[in-house]
Every structure is written in structure tokens, then in C-alpha cells.
Amino acid sequence: MIIPTHIAIIPDGNRRWARKKGLPTLQGHKYAAEKTLPDLLEKASNIGIKYFTFWALSTENLKKRTKNEVQALLSLMKYFLKNKVNEFKKKDIKLMTIGDLKKLPQDIQSLISKSIKETEKNRKMTVIFGINYGGRDEVIRAINKVKSQKSKVKRLTEEQLNKYLDTAGIPDPDMIIRTGGEKRLSGFLPWQSVYSELYFSELFFPDFKARELEKAVEDYSFRQRRFGK
């Protein structure tokens, strides 16, 4: 089986999963954070995936969802980081983030920085959380960084812009998985996904178990990637 170097996931369907079961919508996010995501990370590490990106919170989520829901999502993020960083250190997993962290509460920013620092030397797998991440926002911030450098760049190239993106130094995703039945990327990694293989699952994210990830990788193994050739 051909193992992709980098898999990215859009975890859609947490709220619909909860409603289907007659539960408060937060329970879908809670189950995903406590059960589904840890199982997927374990499977990804075991089969040799080197980079695993998870879109935890979009810029649109932060702007458009209710204050209570956003607060609940941030609380789950704190729970995950506090309870999993020691496990990451034991399993040689490095933590990184993409997104505009400056708009998050200070305690979340501090916890993220601490978690990144504590795992920075780990090498077996890198887990990248998209937190307050939006693709267009990332590109705009990258361009503004270039401008703020007062560089003498007369003509911006792909290679130069790559250095200013949130994903600088991270290989583009080989495969992007979206759960929940929707078939779009919704602004997820638009620059980096130009040659990514796309995989859409009808399952709500809480039901996307480790075996489903394995099935997605098996599907990837049969695809031919030409990169425009």
C-alpha cells in the first residue's frame, strides 16, 4: 500500500451526528475530540503518515457561530492540548498550527505556544491544527508579510510566497479528506491543495474511525498522480 506523506482532514458533521442521536450539538464535537481524533492519529502514526493536518476551527466558525459554541470549541481545544501533549511527547509526535492565532484568547495562545515548544524536537509524525484558519486569510497575511519586509522583490514567485505561508516548511497534502457528505474544500488550503487527491466520505466525522482512514489510504494507493505531466 502506498502511504501518503501528508493527509489533511476537514472534519465535517459533528453537529449533525449529535442531532441524529438526539444529543446537544456540543456532544458531537466532544466525541470527536475525545474519541475519533485520537484514534485517527494513532492509526496515522502506525501506518507511517508523516504529516496530519486537522482543521479544528475556521475563520468563519470564529466569526459566525454563537459565542457559546465558539467558547465550547475553544474549551475542547484546551482539553485536547492539556491531555494529549504528554502522549505526543511519548509517541514522538510534533505539534504545529496554521491560522491566525492572534485573534484567539490569550490563555489559548499561551497553551498552544507551550505545547508546540514541548514537542518541537519530536520527529515520528507532525500533527498540524488549523485554528482560526481560512485559506484566503492565509494568502492575504502572507502577502502582507512580504510587503512588511520592505524587500526588493520586484516579481513575487511561488517559491518566495511559500516561505511566508503558515505552512512554510510543510509539504503540500497528498490527500485531503472531507467527511459529512459535502464535496467542497470551503477554503481549506487553497494554495497547497492544487495537486492533492480528494476523498469525500458520507460519514459524519465522529463515525470516521481508524478503519475508514485506512480505506481512504487504500483508495489513494490506486490513484495515479501526474502533477500536470
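Just so you know, all these numbers are worked out from the coordinates, no wet-lab data involved. Everything numeric in this text was worked out from a predicted model, so none of it was measured. Cβ sites come from the backbone with ideal geometry, for glycine too, and all protein chains shown count toward neighbours.
Structure summary
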{"read-out": "Spacing of the two label points (7 Å from each Cα toward its C-beta) at Arg16 and Lys121, in nm", "value": "4.5"}
{"read-out": "Max mean-square fluctuation residue, GNM over the chain, Cα-Cα springs under 10 Å, options Ile98, Ile112, Ile140", "value": "Ile140"}
{"read-out": "Reachable lysines, given that their alpha-carbon falls under 20 Å from the alpha-carbon of Lys114 and they are not under 8 places away in the same chain", "value": "Lys78, Lys82, Lys84, Lys89, Lys90, Lys91, Lys94, Lys102, Lys103, Lys124"}
{"read-out": "Label point 7 Å beyond Cα of Ile140 along Cβ direction - residues of the stretch 100-118 with amide nitrogen under 18 Å", "value": "100-104"}
{"read-out": "Candidates Asp207, Asp100, Asp219, ranked by Gaussian network fluctuation over the chain, Cα under 10 Å, top entry", "value": "Asp219"}
{"read-out": "Distance in nm between pseudo-label sites at Gln109 and Asn83 (7 Å out along the Cβ direction from Cα)", "value": "2.7"}
{"read-out": "Cβ-derived FRET efficiency at R0 30 Å, Glu182 paired with Asn162, nearest 0.05", "value": "0.60"}
